[in-house]
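Q: One structure, pasted below without further comment.
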Amino acid sequence: MVGDLSSVVLVGLVVFLLCVILNHFLPLLLKFGVTPRGTFGWPLLGETLSFLNPHSSNSIGTFLQEHCSRYGKVFKSHLFCSPTIVSCDQELNYFILQNEDKLFQCSYPKPIHGVLGKSSMLVVVGDTHKKLRSVALTLVSTTKSKPEYLNDIERTALQILSSWRGKQQVTFCDEARKFTFNVIIKQVLGLTPDEPQTTKILQDFLTFMRGLISFPLYIPGTPYARAVQARTRISSTVKAIIEERRSNVGNSKRKGDFLEILLSVDNLYEDEKVSFVLDSLLGGYETTSLLMAMAVQFLSQSPAALQQLKLEHWSIRSSKEKDEYLNWEDYKKMEFTQNVISEALRCGNIVKFVHRKALKDVRFKDYLIPSGWKVLPVFSAVHLDPSLHGSTLEFHPWRWEKQSQTSKKFTPFGGGPRFCPGSELAKVETAFFLHHLVLNFRWITEGVDHPLAYPYVEFQRGLPLSVEPILPESPF
Ligand code: HEM
């Protein structure tokens, strides 16, 4: 009897394993010969672990290096539990981004949906995405050059930098995060750093961020489960702020923040408004602080670039009254700063790739991309392609004097209908912070701290800097 049972279990197990193996390799057999070359790796896991293996963000990593040299810039693989086409080709990347919702669609892994929520702009598709995006674009275009917004950024930068006086060392990534969080929370919800709601949102937000990059296991106590709960708490705090605002409608004091404009929009559901706030916090926090850290790190290694940057900011500052705020015209004069920012984005690769899926069978050049397969346009591979960017590994901001900052070979903010709506905000914040940093401080990096792509980029030691104040009248 026991023997019979164990043979049934054994047969069941064998059938199960065969199904798993068949399910894994079936797409490979069906599309053999027509899809790009490549391998599927192990059943279930495929090649995901090698693909995610950490590497310096200023390199493409061993996995892409080996696969591109063996199969070419476009190859097939099995990643995130799905047959996948990986593209390191600028033309195909551009084609994918431009054909959003027609041939391809944004498709982040399901566990990310669980944390971001079903109304997040990164998750929604079709008409809902168009509706949310048009609100985002209106908000950004009405905000970005407003003096109140620019003054807030500058005040926040000055607060952070004045807290450095008397210190010899700072952990730059922490300082940059403090800066970007304070800017975005003021911009979106009108909150200042010392308000209790700010502290509450920050605590929950940090838990939320940790869960976003954790193993997606929903069991009480895991970082993933804590992140989902933190998101619920942030939603409740934001809803309470919305209620408070609504009950103060008669109050003539205008806040001028995103929330004020959001509340006047009547084609969004309550959940969408809350998600919108979360998306802005998420988008405006980590990525922008990383960009600042990249710029600071690369400038430490390039004295000539730092000198030219100082000259640019010194010339702008000299044309202004003492303590006069920077304005949009000043920002537009920061041409070399723009080049430094673009080069930090190209070398640093804050967003390595984005997730898409093919909506139908797509033919591009000699490749067939089968319907339903995952498609990953890898931006870092294009940014670090020596045939597209000469002296690829060198931080050389001057290259942008002759090269367009919007082209197929430079897509740090994505492209097409999902191009990052916050790109200009991130650049203004970085430029204004650098303005006061280079005019007020000298710094050197403490030891080696290369940013690693996990694929989420992180400085292992938080970029420790030795800092020394200098006189703004003579920053050289
Ligand atoms: C250096 C800073 C930043 C980088 C490198 C960056 C990068 C990106 C990229 C690559 C995408 C495209 C995602 C995709 O196609 O799937 C994106 C989308 C997005 N970003 Fe940013 N971003 C930055 C700053 C910001 C800021 C400051 C905000 C908001 C205040 C923001 C909000 C968003 C939102 C809401 C989306 C979704 C857009 C959509 O799906 O239509 N980002 N970002």
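No value in this document is a laboratory result; all are computed from the given coordinates. Because the structure is a prediction, the values reported are computed rather than measured. Glycine also receives a Cβ, built like all others from the backbone with ideal geometry; neighbour counts cover every protein chain displayed.
Q: Would you mind estimating how fast the chain diffuses translationally, via Stokes-Einstein at 4 °C and 1.567 mPa s with the Kirkwood radius over Cα pairs, in µm²/s?
A: Reported coefficient: 53 µm²/s.
Q: What residues have an amide H closer than 5 Å to that of Phe104, excluding those fewer than 5 places away on the same chain, when H is modeled at 1.01 Å from N in the peptide plane?
A: Leu359
Q: Indicate, rounded to the nearest 5 percent, the antiparallel portion of the DSSP beta bridges found entirely in the chain.
A: Antiparallel bridges: around 85 percent, rounded to the nearest 5.
Q: Under unit Cβ charges (Lys, Arg +1; Asp, Glu -1), what dipole magnitude, rounded to 20 debye, does the chain have relative to its Cα centre?
A: Using Cβ point charges on Lys, Arg, Asp and Glu, the chain gives about 820 debye.
Q: Suppose every K and R has +1 on its Cβ and every D and E has -1 on its Cβ; what is the size of the dipole of the stretch 1-129 about the Cα centre, in Debye to the nearest 20?
A: 120
Q: Please report the net charge: other residues with Cβ closer than 13 Å to the Cβ of Pro223, K and R +1, D and E -1.
A: Working: positive: Arg210, Arg226, Arg231; negative: none.
Charge balance near Pro223 sits at +3.
Q: Something else now. Run through the stretch 248-310 and list the chymotrypsin sites (Phe, Trp or Tyr not before Pro) located in a DSSP loop whose Cβ has at most 12 other Cβ atoms within 10 Å. Write out the running numbers ahead of the final one.
A: Numbers: sites: Phe258, Tyr269, Phe276, Tyr285, Phe298; in loops: Tyr269.
Hits after loop and neighbour filter: Tyr269.
Q: If you don't mind, another one. With a sphere of radius 15 Å drawn around the Cβ of Val378, what net charge do the other residues whose Cβ falls strictly inside it have (Lys, Arg +1; Asp, Glu -1)?
A: So the environment of Val378 carries a net charge of +3.
Q: Now, a different point. Using just the Cα positions, wrap the stretch 80-141 in a convex hull and report its mean projected area in square nanometres, one decimal place. It would help to have the intermediate numbers written out before the result.
A: On the way: hull surface 22.3 nm².
Quarter of the Cα hull surface area: 5.6 nm².
Q: Placing unit charges on C-beta atoms (Lys and Arg positive, Asp and Glu negative, everything else neutral), compute the dipole magnitude of the stretch 197-325 about its Cα centre in debye, rounded to 20.
A: Computed charge dipole of the stretch 197-325: roughly 320 debye.
Q: Have a look at Val378, Ser391, Asn151 and report the one farthest towards the positive end of the charge dipole of the chain, computed about the Cα centre with Cβ charges (Lys/Arg +1, Asp/Glu -1).
A: Val378
Q: Another question about this same structure. So which lysines can Lys320 reach, going by Cα to Cα under 23 Å and dropping same-chain residues fewer than 8 places off?
A: Leaving aside lysines fewer than 8 places away in the same chain, those within reach of Lys320 are Lys144, Lys146, Lys310, Lys332, Lys333, Lys427.
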